[in-house]
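Asks: The structure is given below, and queries will be raised subsequently.
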There are 2 protein chains.
Amino acid sequence: MKKTILLTALVLNGLTASFAQSNDEKNIKLFYKKALTEAKCYSWLEYLSNDIGSRLSGSKGAAEAVEYTKRQLEGLGLDKVYLQEVMVPHWVRGEKETAFILDGKVKTAVPICALGGSVATPKTGITAEVIEVQSIDELKGLGDKVKGKIVFFNRPMNPENIAAFESYSGAGDQRRSGAKEAAKLGAVGAIVRSLNFRLDDFPHTGAQSYDDLPKNQYIPAAAISTNGAELLSKLLKANPALKFYFKQSCETLPDALSYNVIGELTGTVTPENIIVVGGHLDSWDLADGSHDDGAGVVQSMEVVRILKNLNYKPKNTIRVVLFMNEENGGKGGAKYEEVSKQKNENHIFALESDSGGFTPRGFSIEADDANFKKIQGFKDFFEPYFINSFIKGHAGSDIEHLTSKTIVKAGLMPDSQRYFDYHHAANDKFDAINKRELELGAATMTSLIYLIDQTGIVLPSAN
Amino acid sequence: MKKTILLTALVLNGLTASFAQSNDEKNIKLFYKKALTEAKCYSWLEYLSNDIGSRLSGSKGAAEAVEYTKRQLEGLGLDKVYLQEVMVPHWVRGEKETAFILDGKVKTAVPICALGGSVATPKTGITAEVIEVQSIDELKGLGDKVKGKIVFFNRPMNPENIAAFESYSGAGDQRRSGAKEAAKLGAVGAIVRSLNFRLDDFPHTGAQSYDDLPKNQYIPAAAISTNGAELLSKLLKANPALKFYFKQSCETLPDALSYNVIGELTGTVTPENIIVVGGHLDSWDLADGSHDDGAGVVQSMEVVRILKNLNYKPKNTIRVVLFMNEENGGKGGAKYEEVSKQKNENHIFALESDSGGFTPRGFSIEADDANFKKIQGFKDFFEPYFINSFIKGHAGSDIEHLTSKTIVKAGLMPDSQRYFDYHHAANDKFDAINKRELELGAATMTSLIYLIDQTGIVLPSAN
């Protein structure tokens, strides 16, 4: 214990160091104060969102975001800042999509957007009858009836769940695999209800995959706004023979060269043990992705800014990683893991922020029981900041495949209620961000990174 | 114990009744489910906000809101619905205010709004030099220098607090008493920085009072937007002799007749014990007051709708009270207490929702230690709904003066970070409300009302 205290006293400058426990409390208080009074995350995000804009992998925005964040990290005086090459899918939307419900003589425009990875329709669009289903299982039961039709997946996100992400998971298969399954049965197109609780006019894009389907069987897939879905379903009940028209010109170009952006505060005691904090630089193309995941990017940068600004000398190496291509391929996360394995690196902890920039509520933790209990033991530190939820759950897509002998992962868990109002849609813009909520998230992340750095993780006993 | 269970089984219809503990868990689950799938609060609020609009005491909107909410409560089939007469202040804003910074030859318009209760400027407005202060104490130290000047109160809300309401309390004296104190020193006007963390262009109104100042010493008081305040402060540093012009035509009319709206589910065991749940019907006049306090009104109505819909027969009388005139007088709360005393009524519990319609986080509780501990003991029931904060604090303005032999009070505590972006400003509108957040608040309130009704409060031992 004495050794720890002494070490703390030596390595902290501007941070309080007297008794370990109250010391940690005071340092965490300082992190929150700095985040709420002098953070750069909000102005960084303003630039990413308003000056650079959308950042889909392979786009000009993605390339600019790489340059911009690298430059900003360099300005912080970290021990290392570098780019990590990664080849990424390059899908482009093309012209704005159009869609109509054709009900007898009445033609009603509805808002749609192509799903990421989808093929285009023929140039003149597709017109076909519509068959509505609530699930892929229901679709499979329809057999031949699907042939020549547009399949309309219309299962809403379940409003009964308290955590919005549960409802997202529960409805997401329609978007990810709906087109593929419909194609297998001879459908000519797939229209998927947007993954959004709210009834509004925004279509929400997102990744879909044809998996191992032969290319000549690919059919175009699009999301329809929730209001559009409600209307289509209502009109179908009255006239099952109505038709749907849609046109989209998206395409997949050859893979493009891009980068993960990495910065590092090198450890002063066990530099070989690495702690990662990150988010993903790429966004969908319909807006500037301020919540998904501009917020996570700038919060991760803020963590190292605060620590560096306090002249904190971490025991372990703290690495901020801004991953490329989370949205449609996960190539950045995979590349980071590949290089890490080649270098035989040892990661002890990884924290991702990729659930929006809303008020932080806690952490979603992937850990064995001993480490889960350890992190739960930090609860008292977080109580003054209304950070109360320490639950087992998915930590983050970019760090999902990251392995090491013993690794603990966590995801920042912001309030989830509004997230899907914006997720992958044209309104995920800077004005949907609240400065204080963003900053509180950054302070919460800094505090957990600090506590893990100070106390380490629990290694398997005696092995 | 057996008796309780039997009673529960008798009085609940549609609610689960087997073992008390798991029974409560299941019933609370049902409240959340009903709130998230069939609540009326969101559509009620849509009507209040979009069809009726602003509801300042004495206004047409306030009168319409009384009629509308009474009619809606009548439609729920409660045991009683009635109006309670109350005379309220009737202040009107008049024409839209104008203000300019006059810096040499440069004239810059800045957004202001008269503070509630303020007098008008002369018809041609007021032009005077400006003296900036950070506090009333600083003002008092200036003595004669204030004479003939406009006092500019510019202390921002402290960003370091985690709970936004703490920062509101910390800066609020400038708005409430700034003009009065400035008038005492011979100032000709008071301009107060809006109580808002965010830098934006919305001036935020709110009550101010001249207290016992003689009427001929009243000076006009207005709020300036935070951006306006920053600009004025900056220009003043460069040119302390610059002048400020403002013009407002507000006035206080004779008191008006208005009403509290009251509905009741009469108790089936101890009807003489009353549980109140409420919010306030009036709002400021700049917008429709969707957060302040349309949300609290419709959430309180939802509590009794859910309970009535489940055919719940409360042990105690559950009374929904929609108070008039919280914003500029508190006459509704005072009248309710006055009548309650006349009738020798016994209130055991009062719950107010008047902190916005955001995601609920917990309760702010006014109780003796025994009852505070009792409510904290409900924590486990609320854990699945991410309701984690049970803290001692102010419960609500409308129930502040409510007395009884033993009474416990609580305020719903929603997430506070965004509240002051909207509070008393022109953007406190329906589109700032998230349906699920509003509904979760209603379910949280229903659950606490239910638990208190089931288990009572702790009475002083043996007295």
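Asks: Counting only residues that are closer than 18 Å to residue B:126 by Cα, assigned to a strand (DSSP E or B) and open to solvent by less than 40 Å² (accessible area, probe 1.4 Å), how many does segment B:246-257 have?
Replies: From segment B:246-257, those closer than 18 Å to residue B:126 by Cα are B:246-251; that's our starting set.
Subsequent filtering for residues that are assigned to a strand (DSSP E or B) retains B:246-247, B:251.
Then keep just the ones that are open to solvent by less than 40 Å² (accessible area, probe 1.4 Å); that gives B:246.
Number satisfying all stated conditions: 1.
Asks: Among residues belonging to segment B:337-356 that are free of Cβ contacts under 8 Å to residues at least 40 places away in the same chain and assigned to a helix (DSSP H, G or I), point out the one that is nearest to residue B:297 (Cα to Cα).
Replies: B:338
Asks: Looking at B:102, B:73, B:78, B:83 in this structure, which one is touching a residue at least 24 places away in the same chain (Cβ under 8 Å), open to solvent by 20 Å² or more (accessible area, probe 1.4 Å) and outside any strand (DSSP E or B)?
Replies: Numbers: B:102 fails: outside any strand (DSSP E or B); B:73 fails: open to solvent by 20 Å² or more (accessible area, probe 1.4 Å); B:83 fails: outside any strand (DSSP E or B).
Testing whether each residue is touching a residue at least 24 places away in the same chain (Cβ under 8 Å), open to solvent by 20 Å² or more (accessible area, probe 1.4 Å) and outside any strand (DSSP E or B) leaves just B:78.
Asks: Separate question: Report whether or not residue A:409 is closer than 20 Å to residue A:322 by Cβ, basic (Lys, Arg) and crowded, with 20+ Cβ neighbours inside 10 Å. Full working, then the answer.
Replies: Details: closer than 20 Å to residue A:322 by Cβ: yes; basic (Lys, Arg): yes; crowded, with 20+ Cβ neighbours inside 10 Å: yes.
Answer is yes for this residue.
Asks: Could you please tell me which pairs satisfy a Cβ distance under 6 Å, a separation of 6+ or placement on different chains, a first residue in segment A:325-336 that is without any contact (Cβ under 8 Å) to a residue 24 or more places away in the chain, and a second residue that is part of a helix (DSSP H, G or I)?
Replies: none
Asks: Of the conditions (1) out of contact with any helix residue (DSSP H, G or I) (no Cβ under 8 Å at 6 or more places or on another chain); (2) small (Gly, Ala, Ser); (3) over 16 Å from residue B:150 (Cβ atoms), residue B:258 clears all except one; give me its number.
Replies: Every listed condition holds for residue B:258 apart from (1).
Asks: For segment A:204-238, which positions are of a type outside the set (Asp, Glu) and surrounded by fewer than 14 Cβ atoms within 10 Å (Cβ to Cβ)?
Replies: Once the filter is applied, which keeps residues that are of a type outside the set (Asp, Glu) and surrounded by fewer than 14 Cβ atoms within 10 Å (Cβ to Cβ), segment A:204-238 yields A:214, A:215, A:216, A:217, A:234, A:237, A:238.
Asks: Which of the residues belonging to segment A:110-125 are open to solvent by 70 Å² or more (accessible area, probe 1.4 Å) and either in the same structural domain as residue A:331 (by TED's automatic domain parsing) or of a type outside the set (Val, Ile, Thr) (or both)?
Replies: Listed by number, the residues that qualify are A:122, A:123.
Asks: Based on what the data block shows, is residue A:129 more than 25 Å from residue A:419 (Cα to Cα) and in a strand (DSSP E or B)?
Replies: It is true that residue A:129 is more than 25 Å from residue A:419 (Cα to Cα) and in a strand (DSSP E or B).
Asks: Please pick out the residue among B:337, B:383 that is acidic (Asp, Glu) and surrounded by 17 or more Cβ atoms within 10 Å (Cβ to Cβ).
Replies: Only one candidate qualifies: B:337.
Asks: A further question follows. Say we look at segment B:37-57 and pick out the residues that are open to solvent by 10 Å² or more (accessible area, probe 1.4 Å), within 24 Å of residue B:385 (Cα to Cα) and part of a helix (DSSP H, G or I); which of these is nearest to the other protein chains (Cβ to nearest Cβ)?
Replies: Checking each candidate, the answer is B:37.
Asks: Now, a different point. For segment B:134-168, name all the residues that are crowded, with 16+ Cβ neighbours inside 10 Å and part of a helix (DSSP H, G or I).
Replies: B:136, B:139, B:142, B:146, B:164, B:165, B:167, B:168
Asks: Looking at this structure, is residue A:128 among the hydrophobic types (A, V, I, L, M, F, W, C) and touching a helix residue (DSSP H, G or I) at 6+ places or on another chain (Cβ under 7 Å)?
Replies: Judged against the criteria, residue A:128 is not a match.
Asks: Follow-up. Limited to segment A:392-430, what total is found for residues that are more than 10 Å from every other protein chain (Cβ to nearest Cβ) and either free of Cβ contacts under 8 Å to residues at least 12 places away in the same chain or hydrophobic (A, V, I, L, M, F, W, C) (or both)?
Replies: So the count comes out to 10.
Asks: Scan segment A:431-445 for residues that are within 11 Å of another protein chain (Cβ to nearest Cβ) and touching a strand residue (DSSP E or B) at 6+ places or on another chain (Cβ under 9 Å) and jot them down.
Replies: Residues satisfying the conditions are A:437, A:440, A:441, A:443, A:444.
Asks: Still on this model: Has segment A:259-266 got at least one residue that is open to solvent by 10 Å² or more (accessible area, probe 1.4 Å), in the same structural domain as residue A:75 (by TED's automatic domain parsing), closer than 30 Å to residue A:211 by Cβ and at pLDDT 95 or above?
Replies: Yes, segment A:259-266 has at least one match.
Asks: How many residues does segment A:403-448 hold that are under 23 Å from residue A:376 (Cβ atoms) and among the acidic types (Asp, Glu)?
Replies: Going through segment A:403-448 one residue at a time, the tally reaches 1.
Asks: Follow-up question, since we're still on this one. Checking residue B:182 against (1) part of a helix (DSSP H, G or I); (2) without any contact (Cβ under 8 Å) to a residue 40 or more places away in the chain, only one condition comes out false. Which one?
Replies: Unmet for residue B:182, out of (1) part of a helix (DSSP H, G or I); (2) without any contact (Cβ under 8 Å) to a residue 40 or more places away in the chain: (2).
Asks: Of the residues in segment B:354-388, how many are within 14 Å of residue B:447 (Cα to Cα) and away from every other protein chain (no Cβ under 14 Å)?
Replies: Residues flagged as within 14 Å of residue B:447 (Cα to Cα) and away from every other protein chain (no Cβ under 14 Å) within segment B:354-388 amount to 3.
Asks: Which of the following residues is crowded, with 16+ Cβ neighbours inside 10 Å, under 30 Å from residue A:389 (Cβ atoms), away from chain B (no Cβ under 14 Å) and aliphatic (A, V, I, L, M): A:179, A:171, A:128?
Replies: None of the other options fit; the residue is A:171.
Asks: If we scan segment A:138-156, do we find a residue that is within 14 Å of another protein chain (Cβ to nearest Cβ) and either among the β-branched types (Val, Ile, Thr) or touching a strand residue (DSSP E or B) at 6+ places or on another chain (Cβ under 9 Å) (or both)?
Replies: Within segment A:138-156, one or more residues are within 14 Å of another protein chain (Cβ to nearest Cβ) and either among the β-branched types (Val, Ile, Thr) or touching a strand residue (DSSP E or B) at 6+ places or on another chain (Cβ under 9 Å) (or both).
Asks: Among the residues of segment A:86-99, which ones are surrounded by 15 or more Cβ atoms within 10 Å (Cβ to Cβ) and part of a loop (DSSP other than H, G, I, E, B)?
Replies: A:93, A:97
The values are calculated or read from the model by the stated rules, or taken from the named source; none is laboratory data. What you are looking at is a predicted structure, and each value in this text was computed from that prediction instead of being measured. Quick reminder, even Gly has a Cβ in these numbers, built from the backbone with ideal geometry, and neighbours come from all protein chains shown. Ligands, DNA and RNA are excluded from the accessible area calculation, which covers all protein heavy atoms including side chains. Shrake-Rupley method; radii C 1.70, N 1.55, O 1.52, S 1.80 Å.
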